[in-house]
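Please treat every number below as a calculation from the coordinates, not as lab data. These figures come from a predicted structure and were not determined experimentally. A quick note on method: Cβ atoms are made from the backbone with ideal geometry, for glycine too, and the neighbour counts reach across all protein chains shown.
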């Protein structure tokens, strides 16, 4: 048997802390007055006058309380509950450490030495924290042992000794897994157990076949069983260091799902279904994933953004979103949706220099590069020579370029002045000489230039929003001479789009 590792990054200790803490306490606390909380700490040797308590949430920290320190002793006290999760105690200027909070245990205390907090901290009335730090110390000891064995292994030249060291390394890892499994069984339901279980590797069965077939079977198994030990519906794990849950979800989306919109959409729906009955988790991950793909740089990922908006926001599955914000999202989706990859590019009519009408769909070519540009756009000026070289190389292979200048009204004439100075840009050129009546800038949401779309013979969008320097690579994956045309076509989505910095 072998194991695939989900990332053994435990213990969850913060190495560096940004003191830029986000305010907004009452949005993250239980506002029902109850017994409240009372957490008392005594840090021997600490001479500061203040202590801060910060809640972790989705990888960020939110300050929830401050306390005065007298002779190393301080108390965080409130009439409100703290939600269960991992919190950070901050002792300015440089000390910080984690504590686990259970909303059902409103009062506990701890003591530690300021110079060795993680190794000396002891808790009263909080067995979960006691278990967490016992695991932390166990793991740190094992990590030091493994690091030493690894160093000896790398330095060793004698093969039998290397085999022996490798065997020791494997045994140490087995000891860690045994400890993790025993801990989970001994204290089920605790936050420590939930976090440790996330670290527990999933056992992979032996597969048969060629090396390629075995690797494919392992990949499929890892993808199918990736969340066997990770409960994304457990909202406590959102209130923990990012590596516990959020990074795992991102790793799954970024590395275990094919980088194609349809595959990612399916994966996103499956993830949200896992936590839809837990409002906090569902809200967090829907928002997190929505923003992730709204800002994605990979080709075609706007389809994921549109799907989430249409499937969840439009259908009323996000009651927390205010009407104004919802309207803004839907307006953006309305602009983006017509030009998603896989859709037929909207037709439009512009004019040649002589004033003759020319429409996109009138261009007959196996492939058409639709290129939006502006004469005063620096990025366009840098891209167009590259496009000219591409055009020379691929025109005979069935590729046409349709350059559309984005200027209108009094500035439209500048398009043709620029082209007159660059006769090498001799592809089909057009501009809107109707003072914007063509609607092309709205149809294609042209807020920045350059913008590029690659269309097939039916004017279906097969790629968009990538750098001109990638055109040759993209076309080589699409041209019929490739025996792996379908696979290469899908691999287009792995190209990163370029940042478009100049708004025109």
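Which shape class applies to the range 160-305: rounded if a/c is under 1.5, otherwise prolate when a/b exceeds b/c and oblate if not, where a ≥ b ≥ c are the square roots of the Cα gyration tensor eigenvalues?
Oblate shape, in that a/c is at least 1.5 and b/c is the bigger or equal ratio.
Sort 159-165, 206-212, 117-123 by packing, meaning the average of other beta carbons within 10 Å per residue, with the highest value first.
By packing density, highest mean first, the sequence is 117-123, 159-165, 206-212.
Going by the alpha-carbon gyration tensor, a ≥ b ≥ c the square roots of its eigenvalues, is the range 127-225 rounded (a/c under 1.5) or, if a/c is not under 1.5, prolate (a/b greater than b/c) versus oblate?
oblate
What spacing in nm lies between the two simple spin-label points modelled at residue 458 and residue 363, each 7 Å away from Cα in the Cβ direction?
That separation, rounded to one decimal, is 1.9 nm.
Go ahead and estimate [θ] at 222 nm for the chain from helices alone: -39,500 (n - 2.57) per DSSP H run with n ≥ 4, summed, over the residue count, rounded to 500.
Per the formula, -11500 deg cm²/dmol.
Taking R0 as 35 Å, what FRET efficiency do you get between residue 397 and residue 356 from their Cβ-Cβ distance, rounded to the nearest 0.05?
It comes out at approximately 0.80.
So for 214, 79, fewest C-beta neighbours within 10 Å to most, what's the order?
Listed from fewest to most nearby Cβ atoms, that is 79, 214.
Please find the FRET efficiency linking residue 141 to residue 445, where r is the Cβ-Cβ separation and R0 is fixed at 56 Å, and quote it to the nearest 0.05.
After rounding to 0.05, the efficiency reads 0.50.
What's the ranking of 141-152, 330-341 by average number of surrounding C-beta atoms within 10 Å, highest first?
Working: 141-152: 13.4, 330-341: 15.5.
Most protected by this proxy first, the peptides run 330-341, 141-152.
Which order do peptides 354-361, 215-222, 405-412 fall in by mean Cβ count within 10 Å, highest first?
Values: 354-361: 12.4, 215-222: 14.1, 405-412: 17.8.
Per-residue mean Cβ counts within 10 Å order the peptides as 405-412, 215-222, 354-361.
Please compute the modelled spin-label separation between residue 263 and residue 213, points set 7 Å along Cα→Cβ, answer in nm with one decimal.
For the pair residue 213/residue 263, the computed spacing is 2.1 nm.
Using Cβ contacts closer than 10 Å as the measure, can you line up 310, 235, 295 from fewest to most? All intermediate terms of the calculation are to be shown ahead of the outcome.
Details: 310 13, 235 21, 295 9.
Starting with the residue having the fewest Cβ neighbours, the order is 295, 310, 235.
Based on alpha-carbon centroids, what's the gap between the range 309-382 and the range 422-474 in Å, whole number please?
For the range 309-382 versus the range 422-474, the Cα centre distance is 10 Å.
Report the extension gain between residue 111 and residue 325 in nm, rounded to one decimal, defined as 0.36 nm multiplied by the number of residues separating them, less their alpha carbon distance.
72.4 nm
Looking only at the chain, where both bridge partners belong to it, what percent of the DSSP beta bridges are antiparallel (to the nearest 5)?
75 percent
Please state the shape class of the range 176-262: rounded when a/c is under 1.5, otherwise prolate if a/b exceeds b/c and oblate if not, all from the C-alpha gyration tensor.
oblate
Which distance in Å, rounded to a whole number, links the C-alpha centroids of the range 225-259 and the range 146-179?
The range 225-259 and the range 146-179 have Cα centres separated by 29 Å.
Starting from the Cα-Cα distance between residue 473 and residue 220, subtract it from 0.36 nm times their residue separation and give me the gain in nm to one decimal.
Fully extending the segment from residue 473 to residue 220 adds 88.2 nm.
For 70, 157, which order do you get if you count the other beta carbons within 10 Å of each Cβ and list the fewest first?
On the way: 70 9, 157 6.
Ordered from fewest to most neighbouring Cβ atoms within 10 Å, 70, 157 come out as 157, 70.
Simple spin-label model, 7 Å along Cα-to-Cβ: residue 167 to residue 186 in nm?
2.9 nm
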